[in-house]
1. Taking the Cβ of Ser450 as the center, what net charge do the other residues with Cβ under 13 Å away carry, scoring Lys and Arg +1 and Asp and Glu -1?
2. Which pairs, out of Lys382/Lys408; Lys102/Lys220; Lys336/Lys384; Lys527/Lys552, put more than 21 Å between their alpha-carbon atoms?
3. In region 47-203, carbon and sulfur make up what percent of the accessible area (probe 1.4 Å)?
4. List the residues, sorted by chain then number, that are 5 or more residues from Asn180 or on another chain and whose placed amide H is less than 5 Å from its amide H.
5. Just list whichever of Lys118/Lys610; Lys327/Lys430; Lys628/Lys727 have alpha carbons separated by over 22 Å in the model shown.
6. Kindly state, to the nearest 0.05, the FRET efficiency for Cys657 paired with Lys327, given R0 = 56 Å and r defined as their beta-carbon distance.
7. Given a 1.4 Å probe, how much area per residue of region 1-153 is accessible, in Å²?
8. Ordered by residue, what ³J(HN,Hα) values in Hz, to whole numbers, does region 136-152 give under the Karplus form 6.51 cos²θ - 1.76 cosθ + 1.60, where θ = phi - 60° and Gly and Pro are x?
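The values are calculated or read from the model by the stated rules, or taken from the named source; none is laboratory data. This one's a predicted model, so the numbers in the text were calculated from it and none came from an experiment. Note that each Cβ is placed from the backbone with ideal geometry, even for glycine, and that neighbours are counted across all protein chains shown. In case anyone asks, the SASA skips ligands and DNA or RNA and just uses the protein heavy atoms, side chains included. Shrake-Rupley method; radii C 1.70, N 1.55, O 1.52, S 1.80 Å.
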Amino acid sequence: MLNGSLYADDLCHGADDVESAFNLSSDAVSILSDASFNLRKLHTNSKQLHDLWIQNGLCEENSFEKDNKLKVLENTKRSVLSTAAKVFDPVGFLSPFVVRIKRLMQQIWERGLDWDSKLPEDLESKWKKWCAEIEVLGEMKIERCYFSRVVGKMDSVEVHIFSDASIVAYGAVVYFRYVNLRGEVGTSFVMSKSRISPLKKLSLPRLELMGALIAARLWKYLSKVFCGLVDGVFLWTDSEICLCWIKGLENPADKLTRGENSHTLLNDSVWWQGPVWLRGSRNHWPRQKFERVTDEQKLEKLNTSVHAILPQTEMILDENKFSNLRKLLRVTAWVKRFVAKLRKKTCESGTLSAAEIKEAEEYWVRRVQFENYCSDIHLLKKNKPVPPLSKIYSLVPYVDDRGILRVKGRLEQAELFHNEKHPAILPKSKFTDLIIMSEHEKFFHSGVVSTLSRVRNNFWIPRGRRQVVKKVISECLICKKYALKPAKQLTGQLPRDRVVESPPFAVVGIDFTGAITIKAGDQSCKKVYIALFTCAVTRAVHIEVVSDMSVKSFIFALRRFLSRRGGCKVIYSDNAKSFRCSCEIIKGFKAIIVDPSVQEFISSKGVAWKFIPERAPWWGGFWERLMKSIKDPLRKILGKALLTFEELTTIMTELECVLNNRPITYETNELGEPRCLTPSLFLLPGRDNSLSEHFLEIFNKVVDRETLTRRKLYQSRLLKQLWTKWKDQYLLQLRTALNFTNPSSERNLKSGDIVLVEGPKKSKLLLGYGSG
């Protein structure tokens, strides 16, 4: 019993009565305990046997009613694998049900899901449906005796094995067919075995053969288990390749290849007892499809015209699957050594030798020559000349003693190697490209002329040889990297916030300069920073000097800006990864922005804060240009001078006034034309900055309500004309931008392009890849 009933570390056996079962179990525990194997967790369907085990201390009292229900965990890849591993069914009673979870595991693996990530909706529905059917398995009852359906002594016992395959799975199922002396027939389930189809797609006939192989292996195993019991064996399959045929709907193995829910499996007589015809007379069994053909039928078939298509010979090695000549030659050499050993020829052992690599190279040369110059080679081997229409007629070719097609040439008397005087002819092929790329890499990625010269030491490429070499070199990744130039992109559309009329500073861009050193009160030095607030529509600026980069200082600067300018609705700022030269400053600025107190202050003012994309500093071009306008005057005015905080604040305020009076449109040469637009015209409409005028002075000039109303309407009309001028002279000038200098040779980047992303590394070989 121990030799035939142990499955890994589990013992499964039975007996005809309780006394025999108790003796077997107690002896097994005793024998295994002598070898220090503790046989425990005994379980039986007999209450009487269970009580005897308890009385003799072989098992615990509460083990008879132990809950063996399958626990379902979460909806993750880890949970599916854990649950599937808990299904213990070595006999294969539940193969149609278990094959579904196996297929689900394969689909999860194909999609590359993480262990703890949630399953997609389609896989989740399959998983939940399978889990919902687990409870039904508790109602399933399986007869322990094979021959319980027929009473009396058996006249004959047969084994019938059915195999089948689908694109999902393949396997086999075994049944007993027994007949008693009175001719009564019965069938019973023995076991089944299923396998999921591999990820590498195989043809259905190939899977059918693998299913038939499982059927044969099952009989090999059962022939030892039921030695002397079986009188006959029948193996059934619905595959014509296996030379047998049955109706597909009556093949029980079809259920374990396609899967079945637990409700149907519970009452499926075909699965548990086999096909209906198996319990009947042999006269009703399915017959083989291939019948014997008479001589008259043979003669009739010979008179029928048949159109046959000869399949192309499939090569073991395909050069199109290799991107490196060295790897191709080494794999070829290993295959040739393996074939030589199979044919029991003398061959070398150990690592590959230079002779084997050379032989592999000659094999590929002969192969590509035969594929392109087959007729020419046959003529030359028969000592016949090549026809004038041949592509290699002008080369005066010949076939050497190793079967390689070579150039005759006129350098027979030269002191050169044989390959140099008579190079092998190579047509345009993948192998030729690998030869060229190999020489190109060996010669330190040289150009077309140098690479072609190296190739001609051993090979000759007829027609378009320079173009062939140039094309191959253009595919070299290293050379392509070094030849790349920065991509030029078509100018994108300006955002709506920049091209729609809005009050000054309604849409603002914020940026910080680097640290500026000033004098402190105790003759020491300290660093301060300049915060720039620029309007995206009118190009007006507001400059604040802050003492440090703390959250508190930034909020105070923002409050001063909102108090003086007001009406701010949208704020744009740079991203921390846009600049590397001032990385610490920008990172500090971003830390200020994400601070909860800043966010609370901004939300209370009804301001929306937006960040520009990472690695796209041109999105903030409308404030970067003004940042340069601040730094250049400071370098020229301050030089190496150290100012106090008040002095720097005064200079920055005056610089703000200068920048707000700069022209944003072109200055004309005509005397009668109006002056150009400046940002100050939008900040103080109708006001001359050189001569201040208080509102009370205007009020004292008017005498009645009508005059004041007319003056107000006049000012509104002037403001409207100002925005009209802004549209005609400023906004429409933004319509044109410098695009490609030569659109025919350069193109816009599109989604899916692979690019090199510039970074701090200087070498192009160290740059990272990017894809849109």
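1. Working: positive: Lys442, Arg454, Arg456, Arg466, Lys470; negative: Glu439, Glu441.
Local net charge: +3.
2. On the way: Lys382/Lys408 17 Å; Lys102/Lys220 26 Å; Lys336/Lys384 32 Å; Lys527/Lys552 16 Å.
From the list (Lys382/Lys408; Lys102/Lys220; Lys336/Lys384; Lys527/Lys552), the Cα-Cα distance tops 21 Å for Lys102/Lys220; Lys336/Lys384.
3. Working: 4620 of 8790 Å².
Roughly 53 percent of what the probe reaches on region 47-203 is carbon or sulfur.
4. Counting only residues 5 or more places away or on other chains, the set is Asp155.
5. Pairs exceeding the cut-off: Lys118/Lys610; Lys628/Lys727.
6. Values: r = 71 Å, r/R0 = 1.27.
The computed FRET efficiency comes out at 0.20.
7. Working: 10440 Å² over 153 residues.
The answer is 68 Å² per residue.
8. 5, 5, x, 8, 7, 10, 10, 5, 7, 9, 6, 10, 8, 7, 10, 9, x
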